[in-house]
Amino acid sequence: MLRYDLHCHSTRSDGLCAPAEVVLRAARRGVDVLALTDHDELAGLPEAIDAARDAGIALVPGSELSVSWEDLTLHVVALAFDPGDSALAGGIDSIRSGRSSRARRIGDSLAAAGIPGAYEGALGYVTSERLVSRTHFARYLVDAGYVGDVKDVFKRYLVPGKPGYVEHEWATLAQAIAWIHGAGGVAVLAHPGRYRVDARGLRRLLADFRDAGGDAIEVLSASHSPAQSAEFATLARLHGLAASTGSDWHGPGESWLDLGDLPPLPAGVEPVWSRWS
Ligand code: AMP
Ligand code: MN
Ligand code: MN
Ligand code: MN
């Protein structure tokens, strides 16, 4: 049986390792099929594809798209698309284009809470200004001594109701799924256990996602407990959605799971890879 890891990040978004290092680490850890899924970005894929060829593993093109739904931000992982598709690239560009102005607003909000210079600080952690994310602010806040670790940052700052959180409009669900399908890809709802919804909201979310043409949900994710994995396996079957698996690895020491650290998919679900192979 092949080992899949269909969700991880490189320095082309908020990961700590270059795309080729991510691929090499995955190969060393026994991953057979890897998807690099940088946030709102495709720029790491050529390097990852070359590295995967050298390492003898399969690389599935991926990206994790930011989507606004009701009052939440969702993450939709695009997999197995044509990386040269210009409509998908244009759509992803349009999502990303709001990031630097959003980051300035995050900096203003932190300044108002007594933390000056955080925007400039966060810029020290990115490979490109257009990629700046809350993760980069979190690393700055830790290194500058405001908070003990990154996980604590997301309790005290950068989340709704706390300093450093700003509203932002990303793509719509319909747009994101249309771009992904237009490029021949598969649309996966990332870490469904992580959104702040009650049971009814979750049902509405899964129904909206499926009705918009969504293909799969992540059943296995670092964000899920074993009980949540079982719950999402059941919900995937109920909604006619396939099941995906991904560590959401961001770097050594920063993530709950390392690359490939995932059990097999629960019995009875349709693996997402059956939609492309
Ligand atoms: P952004 O796309 O700028 O809103 O940043 C979102 C990123 O912040 C996610 O992809 C995670 O990498 C990181 N993040 C969000 N919540 C947490 C958390 N509770 N703990 C650690 N990292 C988080
Ligand atoms: Mn991230
Ligand atoms: Mn995510
Ligand atoms: Mn992710």
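Quick rundown of the values:
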{"read-out": "Members of the stretch 209-223 that are within 16 Å of ligand 2 (Cβ to nearest atom) and assigned to a loop (DSSP other than H, G, I, E, B)", "value": "Ala222, Ser223"}
{"read-out": "Matching residues in the stretch 23-43 - criterion: being under 16 Å from the mean Cα position of the chain (by Cα) and either in a strand (DSSP E or B) or within 16 Å of ligand 3 (Cβ to nearest atom) (or both)", "value": "Leu34, Ala35, Leu36, Thr37, Asp38, His39, Asp40, Glu41"}
{"read-out": "Residue within the stretch 68-84 that is without any contact (Cβ under 8 Å) to a residue 24 or more places away in the chain and hydroxyl-bearing (Ser, Thr, Tyr) present", "value": "no"}
{"read-out": "Pair list, Cβ < 9 Å and 6+ apart or interchain, from the stretch 124-151 residues that are closer than 17 Å to Val166 by Cβ and without any contact (Cβ under 8 Å) to a residue 12 or more places away in the chain to residues that are of a type in the set (Lys, Arg) and within 11 Å of ligand 2 (Cβ to nearest atom)", "value": "none"}
{"read-out": "Residue count, the stretch 230-268 (criterion: more than 16 Å from ligand 1 (Cβ to nearest atom), surrounded by 21 or more Cβ atoms within 10 Å (Cβ to Cβ) and not in a loop (DSSP other than H, G, I, E, B))", "value": "6"}
{"read-out": "Any hit, the stretch 180-190, residues being in the same structural domain as Thr245 (by TED's automatic domain parsing) and within 12 Å of ligand 1 (Cβ to nearest atom)", "value": "yes"}
{"read-out": "Residues (of a type in the set (Phe, Trp, Tyr) and either part of a loop (DSSP other than H, G, I, E, B) or touching a Cys at 6+ places or on another chain (Cβ under 8 Å) (or both)) located in the stretch 44-82", "value": "Phe81"}
{"read-out": "Search result, residues across the stretch 33-50 that are in contact with a strand residue (DSSP E or B) (Cβ under 8 Å, 6 or more places away or on another chain) and either within 12 Å of Val23 (Cβ to Cβ) or away from ligand 2 (no atom under 14 Å from the Cβ) (or both)", "value": "Val33, Leu34, Ala35, Leu36, Leu42, Gly44, Leu45, Ala48, Ile49"}
{"read-out": "From the options Ala190, Ala230, Ala222, Ala174, residue that is out of contact with any strand residue (DSSP E or B) (no Cβ under 8 Å at 6 or more places or on another chain) and within 25 Å of Arg96 (Cα to Cα)", "value": "Ala174"}
{"read-out": "Residue match in the stretch 9-20 (condition: more than 16 Å from ligand 4 (Cβ to nearest atom), in the same structural domain as Gly260 (by TED's automatic domain parsing) and not aliphatic (A, V, I, L, M))", "value": "no"}
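The values are calculated or read from the model by the stated rules, or taken from the named source; none is laboratory data. Every value quoted in this text rests on a predicted model; they were computed, and no experiment measured them. Every residue, glycine among them, receives a Cβ derived from its backbone with ideal geometry; neighbour counts consider all protein chains shown.
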